[in-house]
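Inspection log for the structure reproduced underneath, given as structure tokens.
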Amino acid sequence: MAVPKRKTSKTRRDTRRAHYKLEAPDLVRCPQCNTLKEQHKVCKECGYYKGKEVVAKAAE
């Protein structure tokens, strides 16, 4: 069984984990309703994607 010869220092451990973080999603403006939405996703407000209505909104 592989066993480390020396204890891994806190600095080395934390340097390795430096990339484990949450990132905020990139948001763009919807060309139809001008609200913020995630890239490459259907707009939750109007239901349009790439200029076409993909999801029909229920009557309010």
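Summary table below
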| read-out | value |
| --- | --- |
| Residue match in the stretch 44-60 (condition: surrounded by 10 or more Cβ atoms within 10 Å (Cβ to Cβ), free of Cβ contacts under 8 Å to residues at least 24 places away in the same chain and within 14 Å of the chain's Cα centre (by Cα)) | no |
| Condition met for R17 (surrounded by 10 or more Cβ atoms within 10 Å (Cβ to Cβ), part of a helix (DSSP H, G or I) and without any contact (Cβ under 8 Å) to a residue 12 or more places away in the chain) | no |
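Read-outs throughout are calculated quantities, based only on the coordinates presented, and are distinct from any laboratory measurement. Because the structure is a prediction, the values reported are computed rather than measured. Here Cβ is always computed from backbone atoms with ideal geometry, including for glycine, and neighbour counts include all displayed protein chains.
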